[in-house]
Amino acid sequence: MAQEQEEQAQQGSRGSGVLWKVLIFGGIVLVAAIAALLLFLFVLKPMLAEPAVQPKENPDEPKIPATVVSVPFEETYATLVMPPDSPYSSTLLFKVTLECANEATAALVTANQARFTDLIGRLHRNRTREEMADPLVQEGIQRQIQQEANKLLRRLQQEPNPDIRVTGVFYETFYIQDL
């Protein structure tokens, strides 16, 4: 009888040892499956998904109104100031387009085109070749043309209207020619 009890005790301990091994193995498999699922959901799936193309809008930039009208000016030239020891002279060929906020602005610019042509030419004269070759100077001239054009528009109006304004200035042609 003692022998039978020992055999049952050994079989019981063997059974519980196998049960623990199965439980530990199952726990390891369960933890690995959860880790793999989390890895897929939070790392692989976002990497494999196609990115949604959304235009990045800068809140500081003003929107371009739908009523914009472009007024192109004739291509013209300005002689550039050269250093005294230079064997050649340079000429700037350029064509500017004013972007007007609406038809009323475009009509006012077109009616006074000679004044605006003079303004644009004046801002391009008496500059050096090196100065005009710099893109930052070109952008500065464009901003200056816009500011001066808006000042001129305010002087030309009978009654002040904030909707009559130049919203942009663009170069259609900008070429420095050495002669």
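Read-outs throughout are calculated quantities, based only on the coordinates presented, and are distinct from any laboratory measurement. Bear in mind that the values here come from a model prediction, so they are computed numbers and not experimental data. Note that we place each Cβ from the backbone using ideal geometry, even for glycine, and neighbour counts take in every protein chain shown.
Taking label positions 7 Å along the Cα-Cβ direction at both residue 20 and residue 91, the computed distance is 10.0 nm, reported to one decimal. What shape does the chain take by its C-alpha gyration tensor, where a ≥ b ≥ c are the square roots of the eigenvalues and a/c under 1.5 counts as rounded, a/b above b/c as prolate, and the rest as oblate? Note, shape of the chain comes out prolate.
Which whole-number percent gives the relative contact order of segment 24-158, counting Cα pairs below 8 Å spaced six or more residues apart?
On the way: 98 pairs, mean separation 27.3, N = 135.
It rounds to 20 percent for segment 24-158.
Can you give the FRET efficiency for residue 41 and residue 66, using 1/(1 + (r/R0)^6), R0 = 41 Å, r = Cβ-Cβ distance, to the nearest 0.05?
Details: r = 44 Å, r/R0 = 1.07.
Efficiency, from the Cβ-Cβ distance: 0.40.
Running a GNM on the chain with Cα contacts under 10 Å, which residue among 83, 65, 46 ends up with the highest mean-square fluctuation? Comparing 83, 65, 46 in a Gaussian network model of the chain, the most mobile one is 46.
As a calculated quantity, the FRET efficiency between residue 76 and residue 158 at R0 = 35 Å, using C-beta atoms, amounts to about 0.70.
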